[in-house]
1. Using 0.36 nm times the number of residues separating Ala266 and Glu295, minus their current alpha carbon distance, what extension gain do you get?
2. Report the extension gain between Glu255 and Leu150 in nm, rounded to one decimal, defined as 0.36 nm multiplied by the number of residues separating them, less their alpha carbon distance.
3. Assuming a strict under-28 Å limit between Cα atoms, what lysine pair count do you get for the chain once near-sequence pairs (fewer than 8 apart, same chain) are dropped?
4. I'd like the orientation of helix 271-286 relative to the chain: the angle between its Cα long axis and the longest Cα principal axis, in ° from 0 to 90, rounded to 10.
5. Can you grab the distance from the C-alpha centre of region 1-63 to the C-alpha centre of region 111-149, Å, no decimals?
6. In bins 10 Å wide, starting from 0, what share of all Cα pairs of the chain does each bin hold, as a percent?
7. Determine one quarter of the surface area of the Cα convex hull of region 1-67, which equals its mean projected area, and express it in nm² to one decimal.
8. If you count the DSSP beta bridges with both ends in the chain, what percent of them are antiparallel, to the nearest 5?
Amino acid sequence: MTEFDRLPPGFRLLCLAARPRRAVPDEAIAACAAAIGDWSQVVAGATSHHVVPLVADLALRPGAAAMPAAVRNDLIGRRDRQVRRCLRQTAELIRLTQAMEASGIRCLALKGVALSQRIHGDPSRRGLGDIDLLVDPLRFDAARTLLAGLGYALDDPRVAASGIERSATAVRDLAFRHAHGHLLELHQRLTQDESLLPFSFETLWQGRRTVPGWTWPVFTLSAEHEGLYLLVHGAEHGWTRLRWIADLAPLFQDEPLYRAAQAQAAALDLGPGITDARILCRHLLEAPSPAGEAEKSRAVIKRHHRWFVAETAWVRPPAPDQVNWYQMRELRLRWGRYTLRRTWKGAASCLLADLSEPVDWHLFNLPPVLRWLYPLLRPLGWLIRRYRARRQPEPVRAGRGGKVPRD
């Protein structure tokens, strides 16, 4: 029995769906489907891992005959609704980039429908998230003003109350919501910890490429920059969403591109991170034989199973009011972030970025002259939010540290 065969059968089915269609025989689908006892977990897991369209397509394969008709219809209905929403989001993304260009604001689309269109030629294949736009930091305030004119408002009223939006450097991104339901994150840099991906906007802009197949030119990151960004994004969230692992499959399948990204990752002390990602990608999407795995590979796989997959951990992330499970999961994610670069300097830089994360500004609302105290108060803010979440869960969207990842 391989390590892949030891995965919960419902999660194995999601992994089979995320593989290239030609690589999955019907016999493997049938064997997996026959072992599933609770199909509601499959639907919940497909939604949580952002692979609903892929699982819905797999449900139509002959090998999925054991899937109950009600589950199949549910998945197909979810897929069709997602297609419509992704098409609307694509139109909105094009509208936003047109408005940005007309105002002289350079922007790059990150992840989302743009990445789905580039990888699959279909904006709805990745699963629906929010819109992510990276803009020139020098035009960040101008972009915020433009969004207000286009009908967007800050998604969390506590942000305005705390003064976060008036800080030129504190935030990596701000979240906005449109009256029609569109969610948007406006980025002025790729990561909260600037040392992780220390590329200037000019460098990213010079390497930009156009999303193919659309009537209006929407720009995104170069292949190498995108690979590194997806690596850091997925690793910081512990690869807890299957979609993030599948996003990197094209990078690992293109050997020259992978070698170039690997060299750049090594220069940024991200070599171990890209190695771990490739191990998980091969394991979950290609099912390698344990006989060919090194001891390090088995350790990476077993830790990921134990922390984020075993039993029902793969079905959906715990809610903040499930304090014990939620805190354990967050500690594991923080461990992954602090050890991503495997250096003391990298861990210290990540810790400082966490302590400076403005997610708790609304709790203290310090005047500018005293904001140097904020990193010292941040642990207290963490405790306050956990206590409030236990009594009455509420989302916090002002930065990475206090929100559930949308994409």
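1. Numbers: separation 29, 0.36 × 29 = 10.44 nm, distance 2.13 nm.
Taking 0.36 nm per residue and subtracting the Cα distance, the gain is 8.3 nm.
2. On the way: separation 105, 0.36 × 105 = 37.80 nm, distance 4.24 nm.
Computed gain between Glu255 and Leu150 is 33.6 nm.
3. Lysine pairs meeting the criterion: 5.
4. With both axes taken from Cα atoms, the answer is about 40 degrees.
5. Measuring centre to centre over Cα atoms gives 29 Å.
6. Percent of pairs per bin, in order: 4, 21, 32, 28, 12, 2, 0.
7. Values: hull surface 16.6 nm².
That works out to 4.1 nm².
8. Roughly 75 percent of the beta bridges in the chain run antiparallel, per DSSP.
Each reported figure results from applying straightforward, stated rules to the coordinates on display, with no laboratory input. None of these values were measured; they are calculated from a predicted model.
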